[in-house]
Every structure is written in C-alpha cells, then in structure tokens.
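Take a look at the structure set out below.
The values are calculated or read from the model by the stated rules, or taken from the named source; none is laboratory data. No experiment lies behind these values; they were computed from the predicted model shown. Positions of Cβ are generated from backbone atoms using ideal geometry, with glycine treated the same way; all protein chains shown enter the neighbour counts.
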Amino acid sequence: MRPLPLIAALRAVEGQTTNMESGLILMEIGLYVVVGLYIWYEVQLLREMGTKAYLSDMWTPIDVLNLFIFVVVFILRVSFLLEAHGLRDDLDAEAEFVNLTYVAHFFKQVENLNALNAVLCFVKVFRYLRPNKQMAQFTDTLAYAAAEMLVLSFIIFIILTGYGLAFLMGFGDTLENYKSFPTCLLTLFRAVLGDFEVQELAASNRYVGRGRCCCCY
C-alpha cells in the first residue's frame, strides 16, 4: 500500500489541503455531477427507445458498466472518507496503535475500479469517432465479427484450460510459476508473448518438460 495517496485523503477530511489538492477535489466533485447527468440521460434514452432497442446498441453494455463502476467508486469513496473521519481522534493519540487496514481496503478498491474504468472510458472514444469513415469501418467490423470472436475466444479458453491443468499437475509441486491454476494461466499467457523458461521446465521434469513446452507452442 502506497501511503502518500492515503495520507492525502486523510488530510482532505481534516481540511488541510493545498490549493492543488483543493482543485483536484473540486474536479472530482464536478466529475460525479457529470456522471449523474449522464445517468439521467441514459435513463431518459431508455424510456424513449424501449428496452429492446436500447440494448441492441453494441455500446450499451459498455456505457452501463462504465456508469455502474462510477457509482460504486463514489460509494466506496464516501465510505472511505467517513471511516477516515471516524479515525481522527485515534490518529491524534500518539501512543495508540491505529489499524488502517479496513480504511486502506476501501482506498485500494477505488484504485482497482478506477484502473478498469479508465480502459472503458478510452474505449468509448471510438463511439464518437464514427463520423470518420475509416474509424467507422473499424468499429463496424468489430460489431459484425463479435459473435465469431466469442466462439473463437471460447475455443482458446478451452485449450488454455487444458494446458493450465496439465502444467499444474506436471510442475505445480516444484515450480513457483505453476503453483496454482490461475498462476498457470498467467504463466502460459506470458509464454505466448515469448516469456517462457524452457530450461526451468526441463530441470524440473526432464521427461515431459521440453515436450510439453513444444506441444503448448
């Protein structure tokens, strides 16, 4: 846990902020106001178009998920600030240990959700580039190929699951990178990008190490 952002938020609760921090707080409040207006707009659009027509737009799931994450982040931010405000007296007592784990948990979840939402916000940029013919061609191609891509993704998932279980059973008891099924999947994804320790596999199991590596590739 990086302490500086957490401390800055605790200082904001006390009103001990610099001009820059105060400006950032005002910008965040403005962001939530814009999100509230955007939610109102989407609700009105849903009422005008109807549920079936509204959900038929390929951008609707991204919009809904984007706004939902904003709402969850707002709730977590408020919960975090309230918890931090409740610890004010404990922080003033120098001789008393203050457990900030619960407060830091709220703060970390806000960071995680904001990281995901940042990707969604930039993906939505393509929605507003449709007047450009070349960009419209790109987004339309993705929309038309979505069903086929889902089938291909499912096939890839089955293959990765099989190899993940194979590497877990073959090397899970000796190698750190294969100690669990999620770790195996992450290691295999790194292998697709070229980060594959063949010598490590061979040293761990000389009978199937290299063979399983070649089969996976």
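What to note about this one:
- Within region 45-87, considering residues that are of a type in the set (S, T, N, Q) and under 26 Å from N114 (Cβ atoms), the one surrounded by the most Cβ atoms within 10 Å (Cβ to Cβ): N66
- Residue among G194, G209 that is at pLDDT below 80, surrounded by 11 or more Cβ atoms within 10 Å (Cβ to Cβ), not assigned by TED's automatic domain parsing to the domain that holds W59 and not hydroxyl-bearing (S, T, Y): G209
- Tally of residues being in contact (Cβ under 8 Å) with a residue 60 or more places away in the chain and either closer than 19 Å to T141 by Cβ or polar (S, T, N, Q) (or both) across region 44-67: 3
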